[in-house]
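**Q** Encoded as C-alpha cells, here's the structure I'll be asking about.
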Amino acid sequence: MKSKNWLQRHKKDMYVKKAKKEDYLTRSAFKLIEIEKKFKIISNSKQILELGSSPGGWSQVICNINKKASIHAFDLLEMKFSHENIIFFRQDILKYNFKSFNKKYDLILSDIAPNTTGHQSTDHLKISSIIQEIISILEYIALPNSSFVFKIWKGSEEKNILNQLKKQYKKVSYFKPQSSRKESSEIFIVAENFIV
C-alpha cells in the first residue's frame, strides 16, 4: 500500500515532471540547482568530488553550470549519465583509500542516501555514520578554502557533526531546498572555506 501511495505521489510531483521536461535524470537535480543559486559553489570550482553520484542528476547540473569543472564521481551503482569531464569510480567510498589517492578538491558533494529501514532514528544514524567517515578524510581530499555540501536526515547526531565542521570550516549553513519534500526530514549542510 505504501509503495502504491508513493508511486501516485511521485507521478503528481511537479519536480518529477520538471525533471522529465528538462531532461534531468532525477528530481534531486533541482535541489543542487537551488543550492547553487544561493551559495555559488559550483561555478567557482574546478575540481569536484561527487559521492553517491548515481544515476547522475547532480553531475548533469554540474556540467550545465560549469563546463570547465573536472568531476570525480563515486557510487556503488552504475551512472546513467556520462560526460568527458567525469571520471566515474564504481567503488564503495567507505572502503576506498582516499589517503593514497593523492587528489584534492575545491568542492565535495554528497547526496549519499543509505538504504532506509523506515525507522527514523536508525536511518539518521546510518547516514550520520557515512558523513562522519567523509569528515574523517577531509584533510586528505579538501583543498584550502574548499566547500563541502551534504545531505543528512535530521536527528541526534546532527549537532555533533555541525560542531565538528565549525572547527574545520569558516562558515557552516543549513539549507532546505523548496524541491525537498516538505514531509522529508532531509536537510542539506553547506560548509564553506575549509581551514587547513
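**Q** Within the set of other residues whose C-beta is less than 11 Å from the C-beta of L49, count the net charge using Lys and Arg as +1 and Asp and Glu as -1.
**A** Details: positive: K103, K104; negative: E50, D106.
Net local charge, L49 excluded: 0.
**Q** Per q in 0.11, 0.18 1/Å, what log10 I(q)/I(0) does a Debye calculation on the alpha-carbon atoms of the chain return?
**A** Scattering profile of the chain, log10 relative to I(0): -0.48, -1.40.
**Q** Still on this structure: At 1.4 Å probe radius, can you tell me the per residue accessible area of segment 1-132 in Å²? Walk me through the intermediate numbers first.
**A** Numbers: 7720 Å² over 132 residues.
I get 58 Å² per residue for this part.
**Q** Would you list S146, S173, S136 from the most to the least accessible area, probe 1.4 Å?
**A** On the way: S146 0, S173 20, S136 65 Å².
If we order S146, S173, S136 from most to least accessible, we get S136, S173, S146.
**Q** Once you have the Cα-Cα distance between Q120 and K103, take 0.36 nm times their residue separation minus that, and quote the gain in nm to one decimal. Working shown, then result.
**A** Working: separation 17, 0.36 × 17 = 6.12 nm, distance 3.51 nm.
That works out to 2.6 nm of additional length.
**Q** Shifting gears a bit: Residue by residue through segment 74-85, what is 3J(HN,Hα) from phi via Karplus (6.51 cos²θ - 1.76 cosθ + 1.60, θ = phi - 60°)? Round to whole Hz and write x for glycine and proline.
**A** 3J(HN,Hα) across segment 74-85, in whole Hz: 10, 6, 7, 9, 5, 7, 8, 10, 10, 7, 4, 8.
**Q** From the Cα trace of segment 8-71, what convex hull volume per residue do you get, rounded to a whole Å³? Don't jump to the answer; show the numbers that get you there.
**A** On the way: hull volume 5.5 nm³, N = 64.
Taking the convex hull of the Cα positions in segment 8-71, it is 85 Å³ per residue.
**Q** Per 0.36 nm of contour for each residue apart, how much would the distance between Y96 and S82 grow if the chain were fully extended, relative to their Cα-Cα spacing? Please report the intermediate quantities before stating the final value.
**A** Working: separation 14, 0.36 × 14 = 5.04 nm, distance 2.16 nm.
This chain segment gains 2.9 nm when fully extended.
**Q** In square angstrom, rounded to the nearest 10, how much accessible surface does M79 have for a 1.4 Å probe?
**A** The accessible area of M79 comes to roughly 30 Å².
**Q** Could you list which residues have their amide H under 5 Å from that of F89, counting only those 5 or more apart in sequence or on another chain, with H placed in the peptide plane?
**A** When sequence neighbours closer than 5 places are left aside, the close amide H contacts are A73, F74, D75.
**Q** Further, regarding this structure: Over all distinct alpha-carbon pairs, what is the Kirkwood Rh of segment 128-194 in angstrom? Numbers along the way, then the final one.
**A** Details: mean 1/r = 0.0807 Å⁻¹.
Kirkwood hydrodynamic radius for segment 128-194: 12.4 Å.
**Q** For R27, list long-range residues whose amide hydrogen, built 1.01 Å from N in the peptide plane, is under 5 Å from its own amide hydrogen.
**A** Residues meeting the amide H criterion: none.
**Q** Can you send over the carbon and sulfur percentage of the accessible area for segment 91-162, probe radius 1.4 Å, protein chains only?
**A** Numbers: 1630 of 3520 Å².
The C+S portion of the solvent-accessible surface of segment 91-162 is 46 percent.
**Q** At q = 0.21, 0.23 Å⁻¹, what is the base-10 log of I(q)/I(0) for segment 73-131 according to the Debye formula with one equal point scatterer per Cα and no solvent? Please give it to two decimals.
**A** At q = 0.21, 0.23 Å⁻¹ the computed log10 ratios are -1.01, -1.13.
**Q** Would you mind calculating the relative contact order of the chain from Cα pairs under 8 angstrom and at least 6 residues apart, reporting the percent as a whole number?
**A** Numbers: 332 pairs, mean separation 35.1, N = 196.
For the chain, the relative contact order is 18 percent.
**Q** Report the full-extension gain for the segment K170 to S136: residue separation times 0.36 nm, less the Cα-Cα distance, to one decimal in nm. Before the final figure, lay out each step's value.
**A** On the way: separation 34, 0.36 × 34 = 12.24 nm, distance 1.75 nm.
That pair, K170 and S136, stretches by 10.5 nm at full extension.
**Q** Another question, then. If one computes the Cα centroid of segment 136-155 and of segment 42-105, what distance in Å separates the two points?
**A** Segment 136-155 and segment 42-105 have Cα centres separated by 14 Å.
**Q** What is the local net charge at F74, summed over the other residues whose Cβ is closer than 10 Å to its Cβ (Lys, Arg +1; Asp, Glu -1)?
**A** Numbers: positive: R90; negative: E50, D75, D92.
Neighbour charge sum, excluding F74 itself: -2.
**Q** Determine the alpha carbon to alpha carbon distance for each of K20/K170; K17/K95; K99/K171 and list only those over 31 Å.
**A** Details: K20/K170 38 Å; K17/K95 36 Å; K99/K171 25 Å.
The answer is K20/K170; K17/K95.
**Q** For segment 102-155, what does the equivalent ellipsoid look like in terms of its semi-axes, each the square root of 5 times an eigenvalue of the Cα gyration tensor, given largest first in whole Å? Write down the numbers at each step before the final one.
**A** Working: eigenvalues 128, 19, 14 Å².
After diagonalising the Cα gyration tensor, the semi-axes are 25, 10, 8 Å.
**Q** What is the magnitude of the charge dipole of the chain about its Cα centre, with +1 placed on the Cβ of each Lys and Arg, -1 on the Cβ of each Asp and Glu, and no other charges, expressed in debye to the nearest 20? All intermediate terms of the calculation are to be shown ahead of the outcome.
**A** Values: 34 positive and 20 negative charges, 137 e Å.
With only Lys, Arg, Asp and Glu charged at Cβ, the dipole is about 660 debye.
The values are calculated or read from the model by the stated rules, or taken from the named source; none is laboratory data. Just so we're clear, the structure is a prediction, and the values are computed from it rather than from any experiment. Don't worry about glycine lacking a Cβ; one is built from the backbone with ideal geometry, like all the others, and counts go over all protein chains shown. Protein only, heavy atoms only, side chains kept; ligands, DNA and RNA dropped before computing areas. Shrake-Rupley method; radii C 1.70, N 1.55, O 1.52, S 1.80 Å.
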